[in-house]
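The values are calculated or read from the model by the stated rules, or taken from the named source; none is laboratory data. Only a predicted model underlies this, so the values are computations on that prediction, with no experimental measurement involved. Here Cβ is always computed from backbone atoms with ideal geometry, including for glycine, and neighbour counts include all displayed protein chains.
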Amino acid sequence: MKYLLNIILYAIAMGLFIGFASCGEPHTEEKDDCGDHPNPYGLDITHCKEDFLAEVGKNPELMLVDLEDFLEGVQLDIKYAREDNFTGEVIYTAPKAYVRKPVAEALNQVRDSLFSLGLDFIVYDAYRPYEATVKFFEVYPDPEFLADPQYGSRHNRGCAVDLTLIDSETGEKLAMPTGFDEFIDQAHPEYTDLPEEVIENRDLLIGIMDHFGFSVYPTEWWHFDYHRWEDFPLMDLSFEEIEKILEKEQPES
């Protein structure tokens, strides 16, 4: 009996020891390889390729798509890869336009519709790293026109696109109320003190985008949010990281 009691006490002691020892060790099962994103708002932001690929493994819709690869012949005019934008600085490291896969598929439908009218679109911006959203708000801290970093941007989710209409033959831009990123009243989609042709062009763009699942931003006629944007996480992946991810996704020739 005494022998049995000693065994039981020993087992209890070892269990307590292992428990105490494990308390002193970092618990890594629920932590990713990147750690938490260092934003001051406690936002859950995907910021390394390991986490991104894990998310895509669970939901393939989260994959990012290079619009130049997905939309044959699409034109880009990525202002933030040059200095001629409202910040006066080069923000992006490459003139690229990435979106989530369902967004790219919807844009392809938009484009097919525009082709039937002899039109196309040109893209000013798409996915935007969270770091760029922080920079933009530092330069122009007006939440009427720019996303507040404490919430993040739909561009950060790969679910927003900035674009305008062009003639599909000549590439000439159609007349619109303002240029891209002009933060003035005339940029509002409901603004009416404009030439009739301009209103028709703007409303045509908004109508076609709406038909394929995009809503126009309340203060920017050029900004469109994919209707399921809430289903996609915020991201702070660099363009270089995305390019490496997409290169590995390409099938071997």
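Structure notes:
- Taking the criterion of being surrounded by 18 or more Cβ atoms within 10 Å (Cβ to Cβ), in contact with a strand residue (DSSP E or B) (Cβ under 9 Å, 6 or more places away or on another chain) and either of a type in the set (D, E, K, R) or closer than 26 Å to Asp142 by Cα (or both), the residues of segment 207-220 that qualify are Met209, Phe214, Val216, Tyr217, Glu220.
- Residues that are in contact with a Pro (Cβ under 7 Å, 6 or more places away or on another chain) and either surrounded by fewer than 17 Cβ atoms within 10 Å (Cβ to Cβ) or under 30 Å from Met63 (Cα atoms) (or both) within segment 157-188 comprise Arg157, Gln186, listed in sequence order.
- Unmet requirement for Tyr140, which otherwise passes all of (1) under 21 Å from Leu43 (Cβ atoms); (2) modelled with pLDDT of 95 or more; (3) not hydrophobic (A, V, I, L, M, F, W, C): (2)
- Only listed residue being in a helix (DSSP H, G or I), touching a residue at least 24 places away in the same chain (Cβ under 8 Å), out of contact with any Ser or Thr (no Cβ under 6 Å at 6 or more places or on another chain) and of a type in the set (Ser, Thr, Tyr), chosen from Tyr80, Tyr41: Tyr80
- Of the candidates Asp181, Asp210, Asp231, the single residue that is within 24 Å of Phe52 (Cα to Cα) and out of contact with any Leu (no Cβ under 8 Å at 6 or more places or on another chain) is Asp231.
- Residue satisfying all of: in segment 44-54; part of a helix (DSSP H, G or I) and surrounded by fewer than 17 Cβ atoms within 10 Å (Cβ to Cβ); nearest to the chain's Cα centre (by Cα) among these: Leu53
- Among (1) in contact (Cβ under 8 Å) with a residue 24 or more places away in the chain; (2) closer than 14 Å to Tyr80 by Cα; (3) of a type outside the set (Asp, Glu); (4) buried (at least 17 other Cβ atoms within 10 Å of the Cβ) - the single one Thr133 does not satisfy: (1)
- Residue in segment 225-247 that is of a type in the set (A, V, I, L, M, F, W, C), in contact with a Ser or Thr (Cβ under 7 Å, 6 or more places away or on another chain), outside any loop (DSSP other than H, G, I, E, B) and surrounded by fewer than 19 Cβ atoms within 10 Å (Cβ to Cβ) present: yes
- Residue that is surrounded by the fewest Cβ atoms within 10 Å (Cβ to Cβ), among those in segment 94-118 that are out of contact with any Leu (no Cβ under 9 Å at 6 or more places or on another chain) and farther than 18 Å from His227 by Cβ: Ser116
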